[in-house]
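Enquirer: I'd like to ask some things about the structure below.
The values are calculated or read from the model by the stated rules, or taken from the named source; none is laboratory data. Just so it is clear, the structure is predicted and the values come from calculations on it, not from any experiment. Positions of Cβ are generated from backbone atoms using ideal geometry, with glycine treated the same way; all protein chains shown enter the neighbour counts. Calculation scope for accessible area: heavy atoms of the full protein, side chains included, ligands and nucleic acids excluded. Shrake-Rupley method; radii C 1.70, N 1.55, O 1.52, S 1.80 Å.
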Amino acid sequence: MIFLNGRCMKKSGRSIVLDKVKALACIFIILIHCKFPGLLGDLCEAFARFGVPMFFAISGKFLLSENDVSTTQIRTRLKKKIVSLVKIIIPIWLFYTVYSLFYSLTCGYTVSRWASEKYNLFELSRLILFNSGKFIYDFTYAFDHLWFVFALLYVYALVFIFAKVVRKWSFPLFILLSALLYILELLQTYYPIRPFDISVSTWYVVRNWLFVGVPFTMLGVWARDNLYKCTLLCNVKSGVLFVVLGVISTIAEFKIWGNKEVYLGSLFVVVGALILSEVVHSEKQDIFSFVGDKLSSFIYYMHVFVISLFGWFIDRINPELYGNALFMYMRPLVVILLTIAISLLMNWIWYNTMERKAA
């Protein structure tokens, strides 16, 4: 690793540090949806809450380049990003839709019952307003992890619309919307209001494009343009301090308030990771950076499928295993290994397909 006198220098392109952070984030996200038992599972879930905000921040960091100065240039870049993201959303959503149908049929559902429960105006409104709802999850895979890509699509669309002011507004939007996020989380605990008859305690009311997607993406945009200028903040010691503070804060917040969608400690970890990605330069790749660079997207998209399918087999082979402590501790590790194996296969297929097209 190369430490540039402990200070940041402006740079562009990929970051080995962020590749490793992505690997850590996607593996921890699995531990939200497939927990270890007891306190270990709760703590891993709490630490893992930095994961999705981190992915938004990384998306923001690489959203614009130095050459994207004019409104036209920014919108041209965003058009390409929106098209690329839609090309990801459609096949992943179709994959989970087909899987949901087949799973439901094995549980005695008819096609009409399955369709009526998933596709109705109420579920469509949840998707449009909050990036959630049964359009993207149901009892067959009971985690709406695809909310991230829909929220990111919203963010890209907003950046396209407000291209003229996106850089100017990035930091104020981060401050305003992240403050609202944490105020809403406090309301969940101390004064659970019901605006428009929707409880603020419902997870997707605070965990959506507006209160998570926009602020953390804007943090990444601001960091890309300005973090290297903050010489007092942007150094190795500050980066490590933010990460350590984030871990300690997360433990304290979990002890005081229990489970939350995004802890204040999660924000500290994201900021620390962004700082370290600016100041620590390395050209040396290892297995961890490979996972982050090549496999993290596949792991994120596919881990819920692995959890669901693994559960489907256990339900039919020996459901009493869920009462076995050893099995429950081994289950997350098995899911992580299976997800990585499937992601390796998908990456190999993708790479060879692209190579043939290029040839």
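Enquirer: Mind checking which pairs have a first residue in segment 313-329 that is over 23 Å from residue 42 (Cα atoms) and a second that is of a type in the set (S, T, N, Q) and assigned to a helix (DSSP H, G or I), Cβ under 8 Å, 6 or more apart or different chains?
Expert: As it stands, the answer is none, since no pair meets every condition given.
Enquirer: Considering only segment 248-255, I want to know if a residue exists there that is free of Cβ contacts under 8 Å to residues at least 12 places away in the same chain and either assigned to a loop (DSSP other than H, G, I, E, B) or over 30 Å from residue 141 (Cβ atoms) (or both).
Expert: Checked segment 248-255: at least one residue is free of Cβ contacts under 8 Å to residues at least 12 places away in the same chain and either assigned to a loop (DSSP other than H, G, I, E, B) or over 30 Å from residue 141 (Cβ atoms) (or both).
Enquirer: So which of 306, 280 ends up being within 21 Å of residue 56 (Cα to Cα) and in contact with a Ser or Thr (Cβ under 9 Å, 6 or more places away or on another chain)? I'd like the intermediate steps shown before the answer.
Expert: Details: 306 fails: within 21 Å of residue 56 (Cα to Cα).
Testing whether each residue is within 21 Å of residue 56 (Cα to Cα) and in contact with a Ser or Thr (Cβ under 9 Å, 6 or more places away or on another chain) leaves just 280.
Enquirer: Here's another thing I want to ask about it. Go through segment 54-73 and count every residue that is in contact with a helix residue (DSSP H, G or I) (Cβ under 8 Å, 6 or more places away or on another chain) and part of a helix (DSSP H, G or I). Before you say what the answer is, go through the steps one by one.
Expert: Here is the first cut: in segment 54-73, the residues in contact with a helix residue (DSSP H, G or I) (Cβ under 8 Å, 6 or more places away or on another chain) are 54-65, 67-68.
Subsequent filtering for residues that are part of a helix (DSSP H, G or I) retains 54-61.
Residues that pass the stated criteria total 8.
Per-residue answers, yes or no, for (1) surrounded by fewer than 24 Cβ atoms within 10 Å (Cβ to Cβ); (2) among the charged types (D, E, K, R); (3) in a loop (DSSP other than H, G, I, E, B):
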site	(1), (2), (3)
259	yes, no, yes
262	yes, no, yes
268	yes, no, no
271	yes, no, no
274	no, no, no
283	yes, yes, yes
290	yes, no, no
298	yes, no, no
303	no, no, no
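Enquirer: If you don't mind, another one. Just a yes or no: is a residue in segment 206-213 open to solvent by less than 10 Å² (accessible area, probe 1.4 Å), over 30 Å from residue 69 (Cα atoms) and in a helix (DSSP H, G or I)?
Expert: Of all residues in segment 206-213, those open to solvent by less than 10 Å² (accessible area, probe 1.4 Å) come to 206, 208, 212-213.
Pick out the ones that are also over 30 Å from residue 69 (Cα atoms) and you get 206.
Those still in the list that are in a helix (DSSP H, G or I) too: 206.
Within segment 206-213 (the criterion being open to solvent by less than 10 Å² (accessible area, probe 1.4 Å), over 30 Å from residue 69 (Cα atoms) and in a helix (DSSP H, G or I)), the answer is yes, since at least one residue qualifies.
Enquirer: Something else now. Among the residues of segment 168-186, is there at least one that is surrounded by fewer than 15 Cβ atoms within 10 Å (Cβ to Cβ), under 23 Å from the mean Cα position of the chain (by Cα) and over 30 Å from residue 82 (Cβ atoms)? Lay out the reasoning, then the answer.
Expert: Here is the first cut: in segment 168-186, the ones surrounded by fewer than 15 Cβ atoms within 10 Å (Cβ to Cβ) are 168, 172, 175-176, 179-180, 183, 186.
In the following step, the residues that additionally are under 23 Å from the mean Cα position of the chain (by Cα) were identified as 172, 175-176, 179-180, 183, 186.
Of the ones still in play, those that are also over 30 Å from residue 82 (Cβ atoms) are 183, 186.
Yes, the conditions are met somewhere in segment 168-186.
Enquirer: Among the numbered conditions (1) open to solvent by 30 Å² or more (accessible area, probe 1.4 Å); (2) hydrophobic (A, V, I, L, M, F, W, C); (3) not in a helix (DSSP H, G or I), tell me where residue 136 comes up short.
Expert: All conditions are met except number (1).
Enquirer: Next question. Can you find a residue in segment 61-84 that is crowded, with 19+ Cβ neighbours inside 10 Å and touching a Ser or Thr at 6+ places or on another chain (Cβ under 6 Å)?
Expert: no
Enquirer: Considering each residue of segment 192-205, count those that are closer than 19 Å to residue 132 by Cα and either open to solvent by 30 Å² or more (accessible area, probe 1.4 Å) or of a type in the set (Gly, Ala, Ser) (or both), and give that number. First the steps, then the outcome.
Expert: Keep residues of segment 192-205 that are closer than 19 Å to residue 132 by Cα, which gives 194-205.
Filter again for either open to solvent by 30 Å² or more (accessible area, probe 1.4 Å) or of a type in the set (Gly, Ala, Ser) (or both), leaving 194-199, 201-203.
Total satisfying the criteria: 9.
Enquirer: Another one. Open to solvent by 60 Å² or more (accessible area, probe 1.4 Å) and closer than 30 Å to residue 62 by Cα, is that true of residue 222? Spell out the reasoning first.
Expert: Working: open to solvent by 60 Å² or more (accessible area, probe 1.4 Å): no; closer than 30 Å to residue 62 by Cα: yes.
Answer is no for this residue.
Enquirer: What number of residues within segment 145-188 satisfy the criterion of being in a loop (DSSP other than H, G, I, E, B) and in contact with a helix residue (DSSP H, G or I) (Cβ under 8 Å, 6 or more places away or on another chain)?
Expert: Within segment 145-188, the subset in a loop (DSSP other than H, G, I, E, B) is 145-146, 162-165.
Keeping just the survivors that are in contact with a helix residue (DSSP H, G or I) (Cβ under 8 Å, 6 or more places away or on another chain) gives 145-146, 162-164.
Counting residues in segment 145-188 that are in a loop (DSSP other than H, G, I, E, B) and in contact with a helix residue (DSSP H, G or I) (Cβ under 8 Å, 6 or more places away or on another chain) gives 5.
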